[in-house]
Amino acid sequence: MASCWWRWRRGCSWRPAARSPGPGSLGRAGLSGLRAAAAAAARAQVRRRGLRMSQVSYFNLVKSLTSAFPNMYSISRFHHMTPAVCCCSKTRSGEKYTDPFNLGWRDLKGLYEDIRKELFISTTELKEMCEYYFDGKGKAFRPIIVVLMARACNIHHNNSRNVQASQRAIALIAEMIHTASLVHDDVIDDASSRRGKHTVNKIWGEKKAVLAGDLILSAASIALARIGNTTVVSILTQVIEDLVRGEFLQLGSKENENERFAHYLEKTFKKTASLIANSCKAVSVLGCPDPVVHEIAYQYGKNVGLAFQLIDDVLDFTSCSDRMGKPTSADLKLGLATGPVLFACQQFPEMNAMIMRRFSSPGDVDRARQYVLQSDGVQQTTYLAQRYCREAVREISKLRPSPERDALIQLSEIVLTRDK
């Protein structure tokens, strides 16, 4: 993958975090030179414009960096020439382990069967609708993170290598909440395909799809109440509120450029990252009484969740429909300005008018897509995802070494290199 990760320091410039040199990396001397050059580039920009660092917008700091190293990353290199992540590598704790998904699935055997049991429904049609996406063909990304976090926190607290039944239940609940949100999103977006097949609303209609999503949410709520921990109930009900508020944010837009980007990131947190962050926090509460550990789990989930969605927004421009299992350029067609579009707008200000009218005029979608591909919007969005993953690694590294902790570190790399 890319040879360094970018980190934001308050009052400072972007600077690469130290990593062990790998094949094709720049080594310590090269990283030192990049650090100095990046800092000099940002300071020079500030001097030219007579601003304090705190007044420089996020966009301009990224610009100063990439103008200093125009050939450092090409997006094609990042997406197509990245070596596959080794699935049996030496971890930071010194043990060997299989890839994070194999490690996580040890505690998730029968995941979808157990979810279907939670959805015990007598009506045949409603049962088919609710079970439609629980076919075992999804990535199960969220349940995997949840059980790995549970084990990592348990080991950190008292060296327990078991996952509690209540912690495993959180993994099921997280997947149920996520799936219910997909069913509802597809109704709002009038989507026709999801995971390579027709959506619930296209097969059974919008009204029944809304009811199916509601039923999945209610089943998740019953499973949550059964855990019997009021703190955990409060943590996960926040997720449902965030999902609704995030959808409302997505329906609106901001005229001011910097407000627009903050709006986008807030929406991204509420619609995607909140579920991962709060699910991680919930299992940490169940396994460890230390509030510091709860915050570590939350921050890891938040940063990985934000990075996951940013890369999803990148793939909407760089991947193909067959690979994604859903149409690409879908966000533009829905009138949504995601990270690549907002960054591209810095180079092509004429996109502002298109953003404000939500790409509704004839030809807007095609023109906006071309602007994004001609700009460094995809590249800048990838840089931002790297920043969030770097922060996730920094947080989870505070826990005691374990195969599960190191699997969570590797998952942050997989988030950046995935192609669907």
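The values are calculated or read from the model by the stated rules, or taken from the named source; none is laboratory data. Fair warning: this is a prediction, and the values are worked out from it, not measured in the lab. Every residue, glycine among them, receives a Cβ derived from its backbone with ideal geometry; neighbour counts consider all protein chains shown. For accessibility, only protein heavy atoms count, side chains too; no ligands or nucleic acids. Shrake-Rupley method; radii C 1.70, N 1.55, O 1.52, S 1.80 Å.
General observations
- Options Ala385, Ala368; residue that is touching a Phe, Trp or Tyr at 6+ places or on another chain (Cβ under 6 Å), open to solvent by less than 60 Å² (accessible area, probe 1.4 Å) and either modelled with pLDDT under 95 or not in a loop (DSSP other than H, G, I, E, B) (or both): Ala368
- Criterion (over 30 Å from Thr338 (Cα atoms) and in contact (Cβ under 8 Å) with a residue 60 or more places away in the chain) met by exactly one of Ser284, Ser221, Ser279, Ser253: Ser284
- Residue match in the range 254-265 (condition: open to solvent by less than 20 Å² (accessible area, probe 1.4 Å) and within 26 Å of Thr230 (Cα to Cα)): no
- All of (1) modelled with pLDDT of 90 or more; (2) open to solvent by 70 Å² or more (accessible area, probe 1.4 Å) hold for Met81 with one exception: (1).
- Any chance Asp419 is over 23 Å from Lys271 (Cα atoms), touching a residue at least 40 places away in the same chain (Cβ under 8 Å) and either open to solvent by less than 10 Å² (accessible area, probe 1.4 Å) or acidic (Asp, Glu) (or both): no
- Selected residue (criterion: modelled with the highest pLDDT) from residues of the range 172-203 that are open to solvent by 10 Å² or more (accessible area, probe 1.4 Å), charged (D, E, K, R) and more than 17 Å from Gly305 (Cβ to Cβ): Lys202
Condition check ((1) open to solvent by 30 Å² or more (accessible area, probe 1.4 Å); (2) hydrophobic (A, V, I, L, M, F, W, C); (3) not in a loop (DSSP other than H, G, I, E, B)) across all residues:
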residue: Leu103; (1), (2), (3): no, yes, yes
residue: Tyr112; (1), (2), (3): no, no, yes
residue: Met129; (1), (2), (3): no, yes, yes
residue: Gly136; (1), (2), (3): yes, no, no
residue: Val146; (1), (2), (3): no, yes, yes
residue: Met149; (1), (2), (3): no, yes, yes
residue: Asn154; (1), (2), (3): no, no, yes
residue: Ser160; (1), (2), (3): yes, no, no
residue: Gln167; (1), (2), (3): no, no, yes
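- Test: residue in the range 374-381 that is within 14 Å of the chain's Cα centre (by Cα) and surrounded by 21 or more Cβ atoms within 10 Å (Cβ to Cβ): yes
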